[in-house]
Structure formats: structure tokens, C-alpha cells
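The values are calculated or read from the model by the stated rules, or taken from the named source; none is laboratory data. Since the structure is predicted, the reported quantities are computational estimates derived from the model, not experimental observations. Virtual Cβ from ideal backbone geometry, glycine too; neighbours counted across all protein chains shown. Accessible surface areas use protein heavy atoms only, side chains included; no ligands, DNA or RNA. Shrake-Rupley method; radii C 1.70, N 1.55, O 1.52, S 1.80 Å.
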Amino acid sequence: MRLLIFGPPGAGKGTVAQDVTSALSLPHISTGDMLRAAVASGSELGQKVKAVMESGALVSDDLIIDLVRDRIAQPDAAGGWMLDGFPRTLPQAQALDAALTELGGGIDKVIMIDVPDALIVDRLSGRRVCKACGAGYHATFSPPSTEGVCDKCGGEVIQRADDSSETVLKRLGTYADQTAPLIRFYESRGILERFDNTGSAQDTVAKVVAALS
Ligand code: AP5
Ligand code: MG
Ligand code: ZN
């Protein structure tokens, strides 16, 4: 199955994708996670994208398209995947279509994770992530059992550099301008399904898994 998980910053894409992909045994491919790993490693790519990410803007289409094209050509992606955070612009969506035409087949479903903007600021200001394995937490809603320590791997749990309230507002603006138009793009193909994530994340995961089974 080839799936996209789509929605505004902080809606819960990563949280839901983590459990849905483990239930369905699909690779979870998050462009945000890939870019943050590049920044952490200090690679050439990481040095190029660090400031852009911290500002709440998008990195260039060419760069991200190359990254995703390489990733979905890896052997573990042959049986399908869930892409998280890509595509985010019309040129990215068109490039994905072209890459899939080459590989044969298309996108099976777009899972849209929806929450109102007011909730997003709360969720992102409390968000914490494991520096080592990427597991997601929330300071109030789902803290790790020991503060600052990942339940899954013992790694350090930190706050993301782009989760200050000022940058969150910029990311919401970027989403509204550049990414939200893709809702119509996929809706018109009849493959987009909306899931409200204002309740518990476990409920949302169960609904998504049921819709895909
Ligand atoms: P990216 O990492 O993709 O960030 P984003 O889209 O802003 O989304 P987030 O990861 O912030 O939110 P999420 O929806 O995954 O929410 P989460 O599950 O963590 O991108 C970062 C940057 O990289 C971009 O700004 C850009 O610069 C660059 N980039 C990435 N992809 C790109 C692309 N394709 N093109 C160009 N640039 C790109 O949940 C948030 C919090 O809420 C967590 O604390 C979680 O525990 C909590 N939570 C989740 N669900 C619930 C619930 N039901 N109830 C209570 N709390 C919940
Ligand atoms: Mg995410
Ligand atoms: Zn961890």
C-alpha cells in the first residue's frame, strides 16, 4: 500500500503514522525526520536546510524531491510506505506522480489528519521528541515515564527547534499558503479521507487502521 499522511503542522501526523505503520508493517517515511537527522549529523544537506527549517519556511522543492525519490527506491520501500510531510507543494505532488508512474502504480490513499488551529499551538508548544529514535511525546498529554528520558530507547527527550510559538504561527501560514491547496488536488481524485484527531491519538489510529484494512 502506498499512503500519504497529510495535515497541518502539529495535527498529529507523526504520532498517528508511527502506530499505523507498525500495525501495517510499512516503512514510515517522514521528510521532516530525514531533514532533522541531516541537521543533527552536520552533513552538507543538513547545513543547507537548518536555517530554513528553523524559520518555519519550506526547503526547496528540488532538494526534497531528490531525497524522496531516492528513499522510495530503497529495497524496503518496494512493498509500499506511508509518506509523512511530503508532498507539501503542487510541484512536489506532480513529481511524486511522475516517480510513481515510472515505478508503476499510484497512491492508494491520502489520510488527512485534521485539528483546529487553536489546538495546534498547545500541542506543539508541549511537544517533546527523542533525539535518538524520534519517538514523540507531549509534556502534558503523553510525557515519558521519566522526564527527559525516552521510554523506548533511553535516549534524550528534547524540544524541537521550530516549536517556539512564533515559528509555529509561521508554519501554519506556510501550510495555508503552499500546502492546503493539495487537499483539492487529492479530493478531486477521490482518494482523500479526513480523520478528526481532536480525541485521543489511539482512537484516530484505530479508525485509520480500520479504514485501510
Ligand atoms: P515536519 O517535521 O513535517 O513538521 P510539520 O508538518 O510542521 O509537522 P509536525 O511534525 O510539526 O507535526 P505532526 O503533524 O507530525 O504532529 P505530531 O504527531 O508530532 O517538517 C518540519 C520542517 O521541515 C518544515 O517546516 C520544513 O522546513 C521542512 N520540510 C519537511 N518536509 C518538507 C517538504 N516536503 N518540503 C519542504 N520542506 C519540508 O504531534 C504534535 C504534538 O501533539 C505531539 O506532542 C503529540 O504527542 C501531540 N498529539 C498528537 N495527537 C494527539 C492527540 N490526539 N491528543 C493529544 N495530543 C496529541
Ligand atoms: Mg511530524
Ligand atoms: Zn528514543
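Okay, here's what the table says:
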{"item": "Rh (Kirkwood; distinct C-alpha pairs) - region 1-95, Å", "result": "13.9"}
{"item": "Ordering of 147-158, 10-21 by burial proxy (mean other Cβ atoms within 10 Å per residue, highest first)", "result": "10-21, 147-158"}
{"item": "Nearest-20 debye value, region 12-133 charge dipole, Cβ charges on Lys, Arg, Asp, Glu", "result": "420"}
{"item": "Nitroxide proxy distance, nm - points 7 Å out along Cα→Cβ at S188 and M1", "result": "2.7"}
{"item": "Derived scalar couplings ³J(HN,Hα) [region 137-142; Karplus, 6.51 cos²θ - 1.76 cosθ + 1.60; whole Hz; x for Gly, Pro]", "result": "9, 9, 3, 9, 7, 8"}
{"item": "Computed E for D196/D33 - FRET, C-beta separation, R0 30 angstrom, nearest 0.05", "result": "0.80"}
{"item": "Region 89-165: Cα Rg divided by the 2.2 N^0.38 Å rule of thumb", "result": "1.52"}
{"item": "Of all accessible heavy-atom area on region 91-131, the percent that carbon and sulfur account for (1.4 Å)", "result": "50"}
{"item": "For P91, net neighbour charge (Lys/Arg +1, Asp/Glu -1) across residues whose Cβ lies under 12 Å away", "result": "-2"}
{"item": "Antiparallel DSSP beta bridges within the chain, as percent of all bridges there, nearest 5", "result": "35"}
{"item": "Set K48/K152; K109/K152; K131/K207; K13/K207; K50/K109 screened for pairs whose C-alpha atoms are more than 25 Å apart", "result": "K48/K152; K109/K152; K131/K207; K50/K109"}
{"item": "The chain - Rg and Dmax from Cα coordinates, angstrom", "result": "16.4, 47"}
{"item": "For G85, distant residues with modelled amide H under 5 Å away", "result": "I5"}
{"item": "Against the rule of thumb 2.2 N^0.38 Å, how large the Cα Rg of region 137-213 comes out", "result": "1.47"}
{"item": "For the chain, accessible area per residue (1.4 Å probe, heavy atoms of protein chains only), Å²", "result": "49"}
